[in-house]
Amino acid sequence: MKEFPGTAIQIARQAGALLLPYFRRRVTVEYKDDVDLVTEADRASETFILGKLRANFPDHAVVAEESGGYSGNSVYRWYVDPLDGTTNFAHGFPVFAVSMALEQEDEIVLGVIYDPTRDELFAAEKGSGARLNEEPLHVSRVARLEEALVTTGFPSRKRHSNPNIHLYHQLNMRSHGVRRPGSAALDLAYVAAGRMDGFWEIHLKPWDLAAGKLLVQEAGGCVTDLLGQPHHLDSPSIVASNGLLHNQLIGVFQEILSGVNQIELPSLRQPI
Ligand code: IPD
Ligand code: CA
Ligand code: CA
């Protein structure tokens, strides 16, 4: 395990540096689905990361967003999102990251998220805490949802079948506000860093959240699914918080999902 963090950090930093020239010259967008974008930068970053992982750890398995990855011959498996925030990236909006996590026998033991535009490297090792550029990270101490800043996202695939806009509306009414920055990896890293008090999303993939989940847990936060049950990499939803807010968030989600205590949408004709 000793060499894994240093190597993963180096690879994530190099992949992030590789993304920047593509970002500056605004790459052409291709479509995987109606609004699910991919660019040559996603592929270049993934090819780079997988090449480095194979060279350093030839017997490890890899699950990666664009190519699918490959199987291995050990207890280790990497989850790789070579560019989390592709829609932002393609539009020149500087919120995106490289995300890598290492699983050992069904447990995430290492998470690394690198934001190249801010040169921010978030890393966590199981049982050893979380850090941002070597500084220890801790979740926020906001204890009331009414005083919390929370964040969420919407999937690029099958958006019409995702109910999150209802949750977005209700949470926006009950908190200091909901942000939708467009990178689930950074959303989770920001909860770990205390910049956000909570995050939720429906239908994320393991490569979106594996590293960020460990960051939140190692920074003292809490991660479950939307119903408050233990979160697994293939759970259909995720809620991450500073821990103090967790029961309030789950309670509100339960109310919304069961249709009680809903705050009505105002009419557009209502005077402002
Ligand atoms: C997306 C981002 C976004 C989230 C979407 C993800 P991608 O990942 O994390 O914040 O809302 O659900 O698919 O496609 O940019 O790697
Ligand atoms: Ca992603
Ligand atoms: Ca991606």
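The values are calculated or read from the model by the stated rules, or taken from the named source; none is laboratory data. Predicted model, so just to flag it, every value in this text is computed and none were measured. Positions of Cβ are backbone-derived with ideal geometry, glycine not excepted, and every protein chain shown enters the neighbour counts. For the accessible areas, the whole protein counts, side chains as well, though only heavy atoms, and no ligand, DNA or RNA atoms are used. Shrake-Rupley method; radii C 1.70, N 1.55, O 1.52, S 1.80 Å.
Brief remarks on what is shown
- Fully extended contour minus Cα-Cα distance, from Leu227 to Ser128, at 0.36 nm per residue: 32.8 nm
- Probe 1.4 Å, accessible area per residue of the chain, Å²: 46
- Rounded is the label for segment 145-258. Its Cα gyration tensor axes, ordered a ≥ b ≥ c, give a/c under 1.5.
- Low-density loop positions, GluC sites (Glu not before Pro), segment 1-90 - DSSP coil, at most 12 other Cβ in 10 Å: Glu3
- GluC sites (Glu not before Pro) within segment 74-171, DSSP loop, no more than 12 other Cβ atoms inside 10 Å: Glu105, Glu134
- Label-to-label distance, nm, for residues given as Gln10 and Gln270 (7 Å Cα→Cβ offset): 5.8
- Each 5 Å bin from zero up to the one holding the largest Cα-Cα distance in the chain carries the following percent of pairs: 1, 6, 13, 18, 18, 16, 13, 8, 4, 2, 1, 0, 0.
- Rolling a 1.4 angstrom probe over segment 3-136 with all protein chains present gives an accessible area of which 46% lies on carbon and sulfur atoms.
- Alpha carbon convex hull of segment 3-136, volume per residue in cubic angstrom: 103
- Estimated [θ] at 222 nm from DSSP helical runs (n ≥ 4, -39500 (n - 2.57)) normalised by residues in the chain, nearest 500: -10500 deg cm²/dmol
- Applying a DSSP loop filter and a limit of 16 other Cβ atoms within 10 Å to the trypsin sites (Lys or Arg not before Pro) in segment 38-126 leaves Arg118, Lys126.
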